[in-house]
Amino acid sequence: MRSPAATLCSIVLVLAASAAQAQGPTRVRGTVSAFDGEMLTVKSATGEVSIRLAEKTQIVHAQPIALADIKPGDFLGVTSTRHDNGTLTAFEVRRFPKAVNPGHRPFDGRNDQTMTNASVASVVQSARGRELTLAYEGGSQKIVVPENASISMLVPGERAHLMPGAPVNLTAVSDNGEPLRALRIQVGAPKVQ
């Protein structure tokens, strides 16, 4: 018969092992440094990260579109800079095929950047430039879209899109201490130098 202390110790070890295995997904943003067909190397803000692609890794490509292609009712994800006067200026606009996590929130834990996922209420030319009004349950945001903002729509991608210089935003997990395994990769066109 086991002592209560031994039983408690066993339970603690099992729970600790379960917690280690159940770590949540990891976000990696950066630029592709290399890809050999299975292992992707990404240069992120914190250094180089290696991620393994699996057979079921989903790849979506950010296909460039014009602001004129965006219509009222479209669902967008807009990453913006918040200025001291409260105005928002987009640096990335993505059109999604369906609504994903609607709302307005800080982006990457920064107070000067926001993410707005919402439906387009209007697209107008204002005194400040091109302006989107995005509406979501409980609110709306007006966002200026400068000429240099990245505007795209997400379409199915393929491994051939993972070329050096391509910006990526991916979600990965680590299985039992193994290297990161990509679940979903959003990739854009390589930046022209």
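Values in this text are rule-based calculations from the coordinates and carry no lab data. Because the structure is predicted, anything quoted here is derived from the model rather than measured. In this analysis, Cβ positions are derived from the backbone assuming ideal geometry, glycine residues included, and neighbour counts consider all displayed protein chains.
The dipole here belongs to the range 109-152: it is taken about the Cα centre, uses +1 on the Cβ of Lys and Arg and -1 on the Cβ of Asp and Glu, and is about 60 debye. Taking amide hydrogens as placed 1.01 Å from N in the peptide plane, the amide H of ILE65 sits under 5 Å from those of ILE151, SER152, MET153, each at least 5 positions away in sequence or on another chain. Amide H contacts for ALA34 (H built 1.01 Å from N in the peptide plane; partners 5 or more residues away or on another chain; cut-off under 5 Å): THR41.
One chain, two ends: GLU137 and MET39. Fully extended at 0.36 nm per residue, the span grows by 31.2 nm beyond their Cα-Cα distance. Charging the Cβ of each Asp and Glu at -1 and of each Lys and Arg at +1, and nothing else, the dipole of the chain about its Cα centre rounds to 220 debye. Judged by the mean number of other Cβ atoms found within 10 Å, the most tightly packed of the peptides 136-142, 149-155 leads the ranking 149-155, 136-142. Using bins of 5 Å that start at zero, the share of Cα-Cα pairs per bin across the chain amounts to 1, 7, 13, 16, 15, 14, 11, 8, 5, 3, 3, 2, 1, 1, 0, 0, 0, in whole %.
Just tell me which lysines come within less than 22 Å, Cα to Cα, of LYS191; anything on the same chain fewer than 8 places away is out. The reachable lysines, counting only those whose Cα sits under 22 Å from LYS191, are LYS43. In summary, the lysines within cross-link reach of LYS71, defined as a Cα separation below 23 angstrom excluding same-chain residues under 8 places away, comprise LYS98, LYS142. Our helix-only sum for the chain, with -39,500 (n - 2.57) per DSSP H run of n ≥ 4 divided by its residues, gives a mean residue ellipticity at 222 nm of -3000 deg cm²/dmol. Between LEU53, GLN186, ILE151, the Cα set farthest toward the positive side of the dipole of the range 47-193 (charges on each charged residue's Cβ, about the Cα centre) is that of ILE151.
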